1. Look at segment 9-27 and say how many of its residues are surrounded by 14 or more Cβ atoms within 10 Å (Cβ to Cβ), hydrophobic (A, V, I, L, M, F, W, C) and out of contact with any Leu (no Cβ under 8 Å at 6 or more places or on another chain).
2. Please specify each residue of segment 47-81 satisfying the condition of being outside any helix (DSSP H, G or I) and either touching a residue at least 40 places away in the same chain (Cβ under 8 Å) or surrounded by 13 or more Cβ atoms within 10 Å (Cβ to Cβ) (or both).
3. With respect to P4, determine if the residue is surrounded by fewer than 17 Cβ atoms within 10 Å (Cβ to Cβ) and either modelled with pLDDT under 95 or over 18 Å from H103 (Cα atoms) (or both).
4. Among the residues of segment 52-64, is any under 20 Å from A13 (Cα atoms) and in contact with a Leu (Cβ under 6 Å, 6 or more places away or on another chain)?
5. Please list, ordered by first then second residue, the pairs with beta carbon atoms under 8 Å, 6 or more apart or interchain, first in segment 83-95 and surrounded by fewer than 13 Cβ atoms within 10 Å (Cβ to Cβ), second in a loop (DSSP other than H, G, I, E, B) and hydroxyl-bearing (S, T, Y).
6. Just need a number here: residues in segment 1-23 that are without any contact (Cβ under 8 Å) to a residue 12 or more places away in the chain and in a loop (DSSP other than H, G, I, E, B).
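The values are calculated or read from the model by the stated rules, or taken from the named source; none is laboratory data. Predicted, not measured: the structure shown is a model, and the values here were computed from it. So basically every Cβ, Gly included, is an ideal-geometry build from the backbone, and we count neighbours across all protein chains shown.
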Amino acid sequence: MHDPNCLFCKIIAGQIPSKKVYEDEEVFAFHDIHPWAPVHFLMVPKAHIPSMAQVTEEHAGVLGRMMALAPKLALEQGCNPYPEGGFRIVVNTGLEGGQEIHHLHIHVMGGPRPWLKG
């Protein structure tokens, strides 16, 4: 299912350019256009799910795959390995949760931060 008016559905379809990180039959990942960290990309299911509030048991497989992919992609994109390095995952849900695009997306953020070295 796709929403023809959804920005992320258009990115997945190639109608809007993006800097792709990863793609398979269920998942698309691309760099955030306004990064908050040295490494900042989004992971989205190709199926249009408006937010975490609409997730059901049928979505467990794709969400599990996204969580399993996140560490691999974070390392490939420049995050340092755990425990000295790392990354964080953020999922904004709904207006009060700070969600701006209503297609479920996972922010993966991290990367070298010299000011944290002690």
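1. 3
2. A47, H48, I49, P50, S51, V55, G78, C79, N80
3. yes
4. Checking segment 52-64: not a single residue is under 20 Å from A13 (Cα atoms) and in contact with a Leu (Cβ under 6 Å, 6 or more places away or on another chain).
5. G94/S51
6. So the answer is 7.
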